[in-house]
Amino acid sequence: MSTLAITGEVFRWAIERAGISDEKLALSLHTKPEKIIAWETGKEYPNFQQAQKLATALSIPLGYLFLSDPPEITVPIADFRTLPEKPSTTISLNLQDILDDALRKRDWYSEWRKSEGLASFEFIGKFTIHDNPSDIVNDIRQVLEIPPDYASHLRTWDDHLRLMVQKVEQGGILVLQSGVVGNNTHRKLSLEEFRGFALADKFAPLIFINAQDSIAARIFTIAHELTHLWTGTSGISNPEITPGNLELQQIEHFCNKIAADLLVPQEVFSRKWNKSIDTFENTQILARHFRVSAQVILRRSYDLGIIPADEYFATYQEILKASNVGKKGSGGDFYNSFFSRNSRRFTRTLISAIASGNLSYLDAARLLNTQPRSIANAIERLG
């Protein structure tokens, strides 16, 4: 059987993008890892049938394997940002699939709202990063009906996350949370690549949260992404900030500042800070009060000039050793996870469209990444 001269560089790019090891790829093709390495290095070439299986396993068109260079994958959002110092061509297959799913939901929801004659959301792009942070925080509070120090009466960080999602969705924003692609538990999302992203659409604003993160971190990411919506900047939030990209640094630092102001109001924070105890103990007590992470409290104390830099860095290391707050979610049954992945607001809207005869069960199932029979159960659970 004749072989096909695939391009090793493109092959390696496809493997990296798919986030799959040589061993797992070999297993899926019922061959040996040495064969994969031989194809990568150009010492051997696959036959046509093997090349087809490769393309399927790597989720790329067959023709990609014969390109001279890796293709440039265009992300359909102008200011969508990926990992520091990495071009958009390195966006992982997992993130690409998550983004594509979010865009499908956004597009449907946007068209539905327009068809219903509903107005656009005025808060999208209402401010810029050059506006007064207090004005932005106050506007977010007003729109989402979030009073200062609202989390202090909550029992757990899980309660805080649930309330935050509820408030954001009541404001018209879709919130999707997942730690995997679709229902595939083998395709876990990478925290190194992204913590969340925002789509600043005036008719269908959307926030996606990487559920591989801790509960406390997810709370902060939601607040961070809200700032992206209020400033009209779609984009992805990363754990790191590109050292050489001053514009990105400025945007991300601004979003972090707004998030901190929203979750930990300065007036309440300053009143609660106890000067008679050390910084570490303060972070633990106030993290429980505001239901955020100790790192957020520590950073707040530094930004407000309460502690010096050396104390900040020393306490940060202490927190890393001791912190176990909000590490994991409380789990839950299939339908709680289902609503979380797809947005409870979005799911309700689809069910309403089904009831009015404007959407089939099959199309709704495709948008929700499930089977049509599961929708009937979802309807019953939503009430």
Conditions (1) part of a helix (DSSP H, G or I); (2) more than 27 Å from N94 (Cα to Cα); (3) of a type in the set (D, E, K, R): number failed by K126: (1)
Odd one out for R288, checked against (1) charged (D, E, K, R); (2) under 22 Å from Y316 (Cβ atoms); (3) in a helix (DSSP H, G or I); (4) within 17 Å of the chain's Cα centre (by Cα): (4)
Matching residues in segment 6-17 - criterion: being buried (at least 18 other Cβ atoms within 10 Å of the Cβ) and under 28 Å from S190 (Cα atoms): V10, F11, W13, A14, I15, R17
Residue satisfying condition, being buried (at least 17 other Cβ atoms within 10 Å of the Cβ) and more than 30 Å from G117 (Cβ to Cβ), within set I215, I222, I173, I207: I215
Unmet requirement for P147, which otherwise passes all of (1) at pLDDT below 95; (2) touching a Leu at 6+ places or on another chain (Cβ under 9 Å); (3) assigned to a loop (DSSP other than H, G, I, E, B): (2)
Only listed residue being modelled with pLDDT under 90 and out of contact with any His (no Cβ under 8 Å at 6 or more places or on another chain), chosen from N358, N377, N342: N377
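Residues are listed down the side, and each one gets a yes or a no for (1) surrounded by 16 or more Cβ atoms within 10 Å (Cβ to Cβ); (2) without any contact (Cβ under 8 Å) to a residue 24 or more places away in the chain; (3) at positive phi:
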{"position": "F127", "(1), (2), (3)": "yes, no, no"}
{"position": "I136", "(1), (2), (3)": "yes, no, no"}
{"position": "E145", "(1), (2), (3)": "no, no, yes"}
{"position": "R155", "(1), (2), (3)": "no, yes, no"}
{"position": "D158", "(1), (2), (3)": "yes, no, no"}
{"position": "K167", "(1), (2), (3)": "yes, yes, no"}
{"position": "T185", "(1), (2), (3)": "no, yes, no"}
{"position": "A200", "(1), (2), (3)": "yes, no, no"}
In segment 97-110, residue farthest from K167 (Cα to Cα) [restricted to those that are touching a residue at least 40 places away in the same chain (Cβ under 8 Å) and among the acidic types (D, E)]: D97
Condition check for T227: among the hydroxyl-bearing types (S, T, Y), within 21 Å of E122 (Cβ to Cβ) and in contact with a Phe, Trp or Tyr (Cβ under 8 Å, 6 or more places away or on another chain): yes
Top-ranked residue of segment 24-45 - restricted to ones that are part of a helix (DSSP H, G or I) and touching a residue at least 12 places away in the same chain (Cβ under 8 Å), ranked as nearest to N94 (Cα to Cα): L25
Residue satisfying all of: in segment 249-278; of a type in the set (A, V, I, L, M) and under 26 Å from the mean Cα position of the chain (by Cα); surrounded by the fewest Cβ atoms within 10 Å (Cβ to Cβ) among these: I251
Residue within segment 141-164 that is β-branched (V, I, T) and in contact with a strand residue (DSSP E or B) (Cβ under 7 Å, 6 or more places away or on another chain) present: no
Test: F208 is modelled with pLDDT under 95 and closer than 22 Å to I251 by Cα: no
Selected residue (criterion: nearest to A5 (Cα to Cα)) from residues of segment 39-70 that are small (G, A, S) and buried (at least 16 other Cβ atoms within 10 Å of the Cβ): A51
Qualifying position, being touching a strand residue (DSSP E or B) at 6+ places or on another chain (Cβ under 7 Å) and either outside the structural domain of Q371 (by TED's automatic domain parsing) or under 25 Å from Q266 (Cα atoms) (or both), among G179, G171: G179
Output for segment 341-359, where each listed residue is more than 17 Å from D107 (Cβ to Cβ) and surrounded by fewer than 20 Cβ atoms within 10 Å (Cβ to Cβ): R344, R348, I351, S352, I354, A355, S356, G357
Hits in segment 279-311 (condition: of a type in the set (K, R), farther than 17 Å from H160 by Cβ and either surrounded by fewer than 16 Cβ atoms within 10 Å (Cβ to Cβ) or modelled with pLDDT of 95 or more (or both)): none
So E34, is it surrounded by fewer than 16 Cβ atoms within 10 Å (Cβ to Cβ) and modelled with pLDDT under 85: no
Test: F208 is over 26 Å from K272 (Cβ atoms) and part of a strand (DSSP E or B): yes
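The values are calculated or read from the model by the stated rules, or taken from the named source; none is laboratory data. Keep in mind it's a predicted model, so treat the numbers as computed, not measured. Note that we place each Cβ from the backbone using ideal geometry, even for glycine, and neighbour counts take in every protein chain shown.
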